[in-house]
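Reading through the C-alpha cells given below for one structure.
The values are calculated or read from the model by the stated rules, or taken from the named source; none is laboratory data. Predicted, not measured: the structure shown is a model, and the values here were computed from it. Methodologically, a virtual Cβ is constructed for each residue, glycine included, from the backbone with ideal geometry; neighbour enumeration extends over all protein chains shown.
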Amino acid sequence: MARNVTTSRKSINTIAAGALGFLMFFPVLWIVILSFKTEGNAIKAPLEILLNTGWTTESYGAVQARSNYFKHFSNSLIISLGSTFLGMLIAIPAAWSMAFVPAKRTKNVLMWMLSTKMLPPVGVLIPIYLIFRDLGILDTRTGLVIVLMLINLPIIVWMLYTYFREIPGEILEAARMDGASLREEVIHVLVPMAIPGMASTVLLNVILAWNEAFWTLNLTAAKAAPLTAFIASYSSPEGLFYAKLSAASVMAIAPILIMGWFSQKQLVRGLTFGAVK
Amino acid sequence: MATKASRSAARLMISPAVVLLLGWMLVPLSLTIYFSFLRYNLITPGANPFAGWDNYYWFLTDPSFKAAMANTLLLVGGVLLITVVGGILFALLLDQPMWGQGIIRIMAIAPFFVMPTVSGLVWKNMFMNPVNGIFGHIAQGLGLQPLDFFSQIPLLSIILIVSWQWLPFATLILLTALQSLDQEQLEASEMDGAGSFSRFLFIMLPHMARAITVVILIQTIFLLSIFAEILVTTNGGPGVSTTNLTYLIYVSSLLQFDVGMGSAGGVIAIILANIVAIFLMRMIGKNLDA
Amino acid sequence: MRSKSLIRKNRILIGASALVSVAATASVAEEITIATVNNSDMIIMQELSSKWEEQTGHSVEWVVLEENVLRQRVTTDIATDGGSFDIITIGAYEAPIWGGQDWLVALEDLGDDYDYGDIFEPVRNGLSADGTLYAVPFYAESSFTFYRTDLFEDAGIEVPSEQMTYDEFSEIVAMVHDPDNGVYGTCQRGKAGWGENMAFVGPLVNAFGGRWFDMGWNPTIDSSEWKAAINYYVDLMNNFGPPGATANGHNENRALFADGKCATWVDATSAAGYIFNPDESSVHDRTGFFQAPKQVTDKGTGWFWAWALAVPKSSQKVEAAKEFLAWSTSKEYVELVGETKGWVAAPPGTRQSTYDNASYVEAAPFAATVLNSILAANPADATKDPVPYTGVQFVAIPEFQGIGNYVGQQISAALAGQQSVDQALANSQQFAVREMTKAGYIN
C-alpha cells in the first residue's frame, strides 16, 4: 500500500502544497494583521507594514463603539442555529423516507427540491417583503429563521438523503424482524448510525446561513440585523478605514472560522455535501 | 420490501418538506407572475393598471439584457473552469505524501468560511485597489504601472474573487474522491508501464467524474445568483460589464423601483434557471446512481 | 407622631411618583429605529445620541448603510409601507417627491425653541413640498474646489478671484500633476451613481451649456454640449487623475485628498469640515478653496444638496421620532458638536446661528465661502437653456434615479476606457428615451 517516497520528493510536495495553501489563506491572515494596525499604517506598503509598524487594538474598540457587535453576533447565532435546527426537524423524516422507502418519483422530488434553490432571490424579494409586512415579521429573527430554513432545506434534505443511503438496509430489516416499531427503528438504529452525517449537515448549513447576505440584509432593519448587516455599514469608507474594515471583517468571520477549524473532520465531510464518499 | 403501511408513513414524513417548499416556490412565484403583468412602480404610487406584455417587452429589449446574459454565462463558466481545473490540480498535489497535510488543508479551506460581502470588500480594497492595495504596492515596487482591476478587467476580477471562495470546495470534494481510489489499481497500472499522465487520464479522471459533476451542480446553483460580490465591488459596472442577470433584476426592481419590469425579469430568470436545472439534473441524474 | 409623619411623607412621595409616572406615560420610553448613511457627520450624530437617550429615556437603534444601499432599503420600506424605520435619512431629491406622495409626516410643529426662521430659506424650500416642510436639514452643501496651497505656491500659480473656466482649470491641474511623488493633479468622482459621479458631471454639463431634457421632456444626452463636457471629464481624469478612479466616490476621494494624494478636488463644501480637521486630515493647514469652474455659462456650476431627516408615515412612534429630530437638527446640537468634537466638525449649511457663532467662524476658515456657495445655488434656474425641471445636479422627477444611475454607469465605462464617450452617450440617450416613454412623458 505505502509507496516508497524519497524524503526530497516529500519535501518538495510539502513546500508546493504549503505555498498554495498559504496563498489561499493569505487574504484572511492579511486582514487579521491589518486589524491590529493604526489607520495610517494600514495603507502603507506590505513590507513596511510587516516590519516597521506597531500593533494596536484601537480599531476593535472603534468598531465596537460604533456598532453593537454583540447584538449582531447573537442575531447571527440565533438565526443560523435556529434555521438549521428547524430545517433538520423537517428534513430528517423526509430524507429518511426517501432513502429507505424509495418510490418511483423519489429522485424527481429530490431534484425538484434542489431546483427551487435556483430561483433568483431578487426576483421574488418584493412579494416576500409584502408577505412579511402583512405577517408582521419584517425585521424579526423569526422571519429570518423561516426564510433561511426554506432556502437551505433542499440542501439539508439532499445531504441527509445521501448519508442515510449509506446505511445498509439490512440492519433496518433486521430491526424490523425483531419487532421494532417505526419510531424505535428511527431512534435506536438509524439515528446513532446517522449522527456523523447529521453533524456534518448541521455544520455546513450553519455556515451557509451565517454567510447569507441577501435576505438577511433586505428583510432586517435594526432589531434582527445579523453580522452581514454589520459589515454592510463598513462597505464605503469614511476617511481612512482599512484597519476598521479589517477589524469588522475579522469580527464577522472569526466565529465561523474558529468553529470550522475545531470541527474540521465533520466539516470536510459536510463540505462535500455528502456526495462523495 | 416496503409495506403499504410504511409507504403511507413515508409519504406522511416527506410531506412537510414538500408542502413547505411548494409554498415557498408557488406563493412568491405567482405573485411575481402577477406583478409582471402590472404597471407597478414603487416610486409612483397609485393604481397599478394591467400592462399586458409590456414589462416583458421592455425587459427583453433592454440594451443591458444581452450583456447580462453573456456576463452570467461567463461568470458561471469562468468560475467553474478555474475551480474544477484548479481543484483537480490542487487535489492531486494534496494527495501526494507530505508533512503537515492537516494544517495545509485547514489553511486552504479558510476562504469558504468568509462571507461574500467580506471577501468582496477585502479583495476590492486591500488587494485590488491600485493605490493602496497589495497588488498596487507590488507593481509599484517593481516599477510597473499598477493594474486597475475593476476598470480594466472588471468581470475577470469578480471571477477571480468568486473562484477564491469556491476553490476550497472543489478541492475538498475532488481530494476525497481521489483518496477513495484503489491504490492497488494505480500500482498495477504503474507496473504496466503507464506514465503518470496516462494514469491520470485513464484511471484518476474517470474515477473523479462523479465528484466533478457534483462540484458543477452545487456550484452552478450558487453561482447563478451571485450578487453580494458584485454589489460591494463594482455595482455592476463600469457600464454593464459586470452586470449579471441577478444584478440586472436588482437594478430594475430595486434601483429603478420598477417592480413590474423587475418581476418580468424575475420570471425570465426563473425560466432560464429551470432550463439549466433540467440540463444539470439530467447530467447528474445519470451519475447519481453510479 | 413620628410614624404618622413618615406615612404622610410616604404619601406625598407616592403622589409625586404617581405624577411622574403620568408625565412619563405621556412620553413613554420608546425605542426608535434610525436609518442613516455612513458619512462622518452622521457617525458623530450616532455617537452623540447617547446624550439624547439620557435626557429623554428613549433609546435609539441605528441602521448605518452605504448611500446606495440605504436609498434602496429606505425606498423599499417606505413605498411598501413596511414601517421598519422611524427616522430616515433622505436628501434634497427625495424630500419634495416623497412629501408630495404623502409618505412623510409633516414637520411644522417641532416646538417653539426650534426656530424655523434660523434655517436658511433655500434649504427649507428644498425640503418642502407645496410649502410644507417634510424633512429637517442635518447639513447642507454646495460644491467648490479644494486645492493644495503649498503645491500651487511651488508651481507659482495664483488663484484668480474670478470664477475660472474648466479650460483654465485643466491647465492649472497639469502644472500640479506629479504622480512620481504620489500627487495626482485632480481627484474627481468616478464611481457610478446618480449621487456619485453624476453629482460632479451634472454641474459640469450645466457649465458646458447642456441639459437633461428639453422643454418637451425629450432627453438631450447625445447633444454636442454633453459630448464636450464628458470628453473634457474623461480627458481630465485620464491625464491627471489617480489610478482606479472609477471606484472613487465622495468618501474615497475625501480620504485621498486628506491623505495628500490630490492637488485639486471639486466636491461637496461639507467635506471642508473634515479636510480642515487636524485630527482627520494631513493637509488641514495646506488647503484652500475657490468656486467650482464655469465654461460657457456660470449657471448651475455649483450643486445644491442637503442631507435631512424625515419621519415616514408608516412609523408607529412619530412623537418620539419628532423629539429626536427637534434635538438633532437644533441650534443646541450644533453647539454640542462644536464643544465636544471641535467647532470645525459642526454640521454646516443649515442655520444662520452657526454662521453667527464666533467660535465656528474662527475654527472654519471656509465658513463664509461655503455659505455664499449654498445661497448662490439655484435649483430653479441651473441651466443655460430653459428646462421643465428643477435641480442642479439632479432632475426632481421620480424617474431620474434610474436614468441617472444608468448614465452614471455608462460614463464610468467611458472613463474606464471600455467604450467611447460617443457610445456611452448614445446608450444613455437610448435608455433615457425608453424610460421617459415607459413613464408616459413622451410617446
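Looking at A:Pro127, A:Pro120, A:Pro168 in this structure, which one is more than 17 Å from B:Thr220 (Cβ to Cβ) and modelled with pLDDT under 85? Reasoning before the result, please.
Values: A:Pro127 fails: modelled with pLDDT under 85; A:Pro120 fails: more than 17 Å from B:Thr220 (Cβ to Cβ).
Being more than 17 Å from B:Thr220 (Cβ to Cβ) and modelled with pLDDT under 85 holds for just one of A:Pro127, A:Pro120, A:Pro168, which is A:Pro168.
Per-residue answers, yes or no, for (1) within 7 Å of chain B (Cβ to nearest Cβ); (2) within 25 Å of B:Gln140 (Cβ to Cβ); (3) over 25 Å from the mean Cα position of the chain (by Cα):
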{"residue": "A:Thr7", "(1), (2), (3)": "no, no, yes"}
{"residue": "A:Lys10", "(1), (2), (3)": "yes, no, yes"}
{"residue": "A:Thr14", "(1), (2), (3)": "yes, no, yes"}
{"residue": "A:Phe26", "(1), (2), (3)": "no, yes, no"}
{"residue": "A:Leu29", "(1), (2), (3)": "no, yes, no"}
{"residue": "A:Ile33", "(1), (2), (3)": "no, yes, no"}
{"residue": "A:Thr38", "(1), (2), (3)": "no, yes, yes"}
{"residue": "A:Glu48", "(1), (2), (3)": "no, yes, yes"}
{"residue": "A:Leu51", "(1), (2), (3)": "no, yes, yes"}
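Does B:Asn48 qualify as being more than 10 Å from chain A (Cβ to nearest Cβ) and surrounded by 19 or more Cβ atoms within 10 Å (Cβ to Cβ)?
No.
In the set B:Ile104, B:Ile43, which member is without any contact (Cβ under 8 Å) to a residue 24 or more places away in the chain, surrounded by 19 or more Cβ atoms within 10 Å (Cβ to Cβ) and within 14 Å of chain A (Cβ to nearest Cβ)?
Details: B:Ile43 fails: without any contact (Cβ under 8 Å) to a residue 24 or more places away in the chain.
Within the list B:Ile104, B:Ile43, the selection yields B:Ile104.
Go through (1) touching a Ser or Thr at 6+ places or on another chain (Cβ under 8 Å); (2) surrounded by fewer than 24 Cβ atoms within 10 Å (Cβ to Cβ) one by one and return the number of the condition C:Ala247 breaks.
The single condition C:Ala247 does not satisfy is (2).
Given the conditions (1) surrounded by fewer than 19 Cβ atoms within 10 Å (Cβ to Cβ); (2) under 26 Å from B:Gly46 (Cβ atoms), report the number of the one that C:Asp115 does not fulfil.
If we test C:Asp115 against (1) surrounded by fewer than 19 Cβ atoms within 10 Å (Cβ to Cβ); (2) under 26 Å from B:Gly46 (Cβ atoms), just (2) comes out false.
Give the residue, chosen from B:Ser15, B:Ser64, B:Ser36, that is over 21 Å from C:Gln72 (Cα atoms) and of a type in the set (Ser, Thr, Tyr). Working first, answer last.
Working: B:Ser64 fails: over 21 Å from C:Gln72 (Cα atoms); B:Ser36 fails: over 21 Å from C:Gln72 (Cα atoms).
After ruling out the rest, the residue left standing is B:Ser15.
Tell me, which helices (runs of 4 or more DSSP H) lie completely within segment C:304-359 with 1 or more residues that are under 18 Å from C:Asp77 (Cβ atoms)?
Values: elements: C:318-328, C:331-341, C:352-356.
Answer list for segment C:304-359: C:318-328.
Look through C:Asp130, C:Asp118, C:Asp154 and report the one residue that is of a type outside the set (Val, Ile, Thr) and in contact with a Ser or Thr (Cβ under 6 Å, 6 or more places away or on another chain).
Details: C:Asp130 fails: in contact with a Ser or Thr (Cβ under 6 Å, 6 or more places away or on another chain); C:Asp154 fails: in contact with a Ser or Thr (Cβ under 6 Å, 6 or more places away or on another chain).
Exactly one of C:Asp130, C:Asp118, C:Asp154 is of a type outside the set (Val, Ile, Thr) and in contact with a Ser or Thr (Cβ under 6 Å, 6 or more places away or on another chain), namely C:Asp118.
Filter segment B:1-14 for residues that are in a helix (DSSP H, G or I) and within 7 Å of chain A (Cβ to nearest Cβ); which is farthest from A:Ile128 (Cα to Cα)?
Residues of segment B:1-14 in a helix (DSSP H, G or I): B:4-14.
So of that shortlist, the ones also within 7 Å of chain A (Cβ to nearest Cβ) come out as B:6-7, B:9-10, B:13-14.
Numbers: B:Ser6: 37, B:Arg7: 35, B:Ala9: 33, B:Ala10: 31, B:Met13: 27, B:Ile14: 25 Å.
Per the stated criteria, the residue is B:Ser6.
Limited to segment C:60-87, what total is found for residues that are touching a Leu at 6+ places or on another chain (Cβ under 6 Å) and in a strand (DSSP E or B)?
Result for segment C:60-87: 1.
Are there any helices (runs of 4 or more DSSP H) wholly within segment B:129-239 with 2 or more residues that are within 14 Å of chain C (Cβ to nearest Cβ), and if so which?
On the way: elements: B:134-141, B:149-152, B:154-179, B:183-191, B:196-199, B:205-223, B:228-233.
Ranges flagged: B:134-141, B:149-152, B:154-179, B:228-233.
Quick one: in segment B:190-216, which of the residues that are of a type in the set (D, E, K, R) and surrounded by fewer than 19 Cβ atoms within 10 Å (Cβ to Cβ) is modelled with the highest pLDDT? I'd like the intermediate steps shown before the answer.
Filtering segment B:190-216 down to residues of a type in the set (D, E, K, R) leaves B:190, B:192, B:199, B:210.
Filter once more, so that each one left must be surrounded by fewer than 19 Cβ atoms within 10 Å (Cβ to Cβ): B:190, B:192, B:199.
Working: B:Glu190: 75, B:Asp192: 77, B:Arg199: 81.
The selected residue is B:Arg199.
Identify, by number, the condition in (1) within 28 Å of C:Lys51 (Cβ to Cβ); (2) in the same structural domain as C:Asp154 (by TED's automatic domain parsing) that C:Lys317 doesn't meet.
(2)
Buried (at least 20 other Cβ atoms within 10 Å of the Cβ) and of a type in the set (Asp, Glu): which single residue out of A:Asp139, A:Asp134, A:Asp178 fits that description?
Values: A:Asp134 fails: buried (at least 20 other Cβ atoms within 10 Å of the Cβ); A:Asp178 fails: buried (at least 20 other Cβ atoms within 10 Å of the Cβ).
After applying the criteria, what remains is A:Asp139.
Among the residues of segment B:193-210, write down those that are hydrophobic (A, V, I, L, M, F, W, C) and under 14 Å from B:Leu175 (Cβ atoms).
Our first condition is that a residue be hydrophobic (A, V, I, L, M, F, W, C); within segment B:193-210, this holds for B:194, B:197, B:200-205, B:208-209.
Once the filter is applied, which keeps residues that are hydrophobic (A, V, I, L, M, F, W, C) and under 14 Å from B:Leu175 (Cβ atoms), segment B:193-210 yields B:Met204, B:Met208.
Just to be sure before I move on: is C:Asp130 more than 30 Å from C:Arg71 (Cβ to Cβ) and not assigned by TED's automatic domain parsing to the domain that holds C:Ala228 in the structure I sent? I'd like the intermediate steps shown before the answer.
Values: more than 30 Å from C:Arg71 (Cβ to Cβ): no; not assigned by TED's automatic domain parsing to the domain that holds C:Ala228: yes.
For C:Asp130, the condition - more than 30 Å from C:Arg71 (Cβ to Cβ) and not assigned by TED's automatic domain parsing to the domain that holds C:Ala228 - is not met.
Conditions (1) closer than 26 Å to C:Glu196 by Cβ; (2) modelled with pLDDT of 90 or more; (3) more than 14 Å from chain A (Cβ to nearest Cβ); (4) in a strand (DSSP E or B), marked per residue:
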{"site": "C:Trp52", "(1), (2), (3), (4)": "no, yes, yes, no"}
{"site": "C:Thr89", "(1), (2), (3), (4)": "yes, yes, no, yes"}
{"site": "C:Ala95", "(1), (2), (3), (4)": "yes, yes, yes, no"}
{"site": "C:Leu107", "(1), (2), (3), (4)": "no, yes, yes, no"}
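As an exercise: evaluate B:Thr61 against (1) under 25 Å from B:Leu272 (Cβ atoms); (2) in contact (Cβ under 8 Å) with a residue 12 or more places away in the chain; (3) of a type in the set (S, T, N, Q) and give the number of the one condition it does not meet.
Evaluating B:Thr61 over (1) under 25 Å from B:Leu272 (Cβ atoms); (2) in contact (Cβ under 8 Å) with a residue 12 or more places away in the chain; (3) of a type in the set (S, T, N, Q) leaves (2) as the failure.
Can you tell me which residue is nearest to the chain's Cα centre (by Cα) among those in segment B:85-101 that are surrounded by fewer than 21 Cβ atoms within 10 Å (Cβ to Cβ) and in contact (Cβ under 8 Å) with a residue 24 or more places away in the chain? Lay out the reasoning, then the answer.
Filtering segment B:85-101 down to residues surrounded by fewer than 21 Cβ atoms within 10 Å (Cβ to Cβ) leaves B:85-86, B:89, B:92-93, B:95-101.
Among the residues that remain, those that are also in contact (Cβ under 8 Å) with a residue 24 or more places away in the chain are: B:86, B:92, B:95.
Numbers: B:Gly86: 16, B:Leu92: 23, B:Asp95: 26 Å.
Taking the candidates together, the pick is B:Gly86.
Only one of these is within 14 Å of chain B (Cβ to nearest Cβ), closer than 21 Å to C:Gln188 by Cβ and surrounded by fewer than 23 Cβ atoms within 10 Å (Cβ to Cβ): C:Ser412, C:Ser428, C:Ser420. Name it. Steps first, please.
Details: C:Ser412 fails: surrounded by fewer than 23 Cβ atoms within 10 Å (Cβ to Cβ); C:Ser428 fails: surrounded by fewer than 23 Cβ atoms within 10 Å (Cβ to Cβ).
Result: C:Ser420 is the single residue among C:Ser412, C:Ser428, C:Ser420 that is within 14 Å of chain B (Cβ to nearest Cβ), closer than 21 Å to C:Gln188 by Cβ and surrounded by fewer than 23 Cβ atoms within 10 Å (Cβ to Cβ).
If you go through segment B:15-36, how many residues are within 9 Å of chain A (Cβ to nearest Cβ), under 16 Å from A:Leu130 (Cβ atoms) and either part of a loop (DSSP other than H, G, I, E, B) or not hydrophobic (A, V, I, L, M, F, W, C) (or both)?
Going through segment B:15-36 one residue at a time, the tally reaches 5.
Just name the residue that is nearest to the other protein chains (Cβ to nearest Cβ) out of those in segment A:134-191 that are of a type in the set (A, V, I, L, M, F, W, C) and in a loop (DSSP other than H, G, I, E, B).
A:Leu138
B:Leu255 is checked against (1) within 9 Å of chain A (Cβ to nearest Cβ); (2) modelled with pLDDT under 85 and fails just one. What number does that condition carry?
Just one mismatch for B:Leu255, condition (1).
Identify, please: which residue in segment C:244-278 is acidic (Asp, Glu) and not in a helix (DSSP H, G or I) and is, among those, farthest from the chain's Cα centre (by Cα)? Before the answer, list the steps.
Filtering segment C:244-278 down to residues acidic (Asp, Glu) leaves C:252, C:259, C:267.
So of that shortlist, the ones also not in a helix (DSSP H, G or I) come out as C:259, C:267.
Details: C:Asp259: 22, C:Asp267: 11 Å.
The residue in question is C:Asp259.
Please determine whether any residue of segment A:81-89 is under 26 Å from A:Leu203 (Cα atoms), touching a helix residue (DSSP H, G or I) at 6+ places or on another chain (Cβ under 9 Å), hydroxyl-bearing (Ser, Thr, Tyr) and touching a residue at least 40 places away in the same chain (Cβ under 8 Å).
Taking segment A:81-89 first, the residues under 26 Å from A:Leu203 (Cα atoms) are A:81-89.
So of that shortlist, the ones also touching a helix residue (DSSP H, G or I) at 6+ places or on another chain (Cβ under 9 Å) come out as A:81-89.
If we keep only those that are hydroxyl-bearing (Ser, Thr, Tyr) too, we end up with A:83-84.
So of that shortlist, the ones also touching a residue at least 40 places away in the same chain (Cβ under 8 Å) come out as A:83-84.
Taking every residue of segment A:81-89 in turn, at least one turns out to be under 26 Å from A:Leu203 (Cα atoms), touching a helix residue (DSSP H, G or I) at 6+ places or on another chain (Cβ under 9 Å), hydroxyl-bearing (Ser, Thr, Tyr) and touching a residue at least 40 places away in the same chain (Cβ under 8 Å).
Restricting segment A:77-114 to residues that are of a type in the set (Ser, Thr, Tyr) and either outside any helix (DSSP H, G or I) or within 20 Å of the chain's Cα centre (by Cα) (or both), which is farthest from the other protein chains (Cβ to nearest Cβ)?
Looking only at segment A:77-114, we keep the residues that are of a type in the set (Ser, Thr, Tyr), and these are A:80, A:83-84, A:97, A:106.
When the remaining residues are screened for being either outside any helix (DSSP H, G or I) or within 20 Å of the chain's Cα centre (by Cα) (or both), the result is A:80, A:83-84.
Values: A:Ser80: 11, A:Ser83: 13, A:Thr84: 15 Å.
For segment A:77-114, the residue satisfying everything is A:Thr84.
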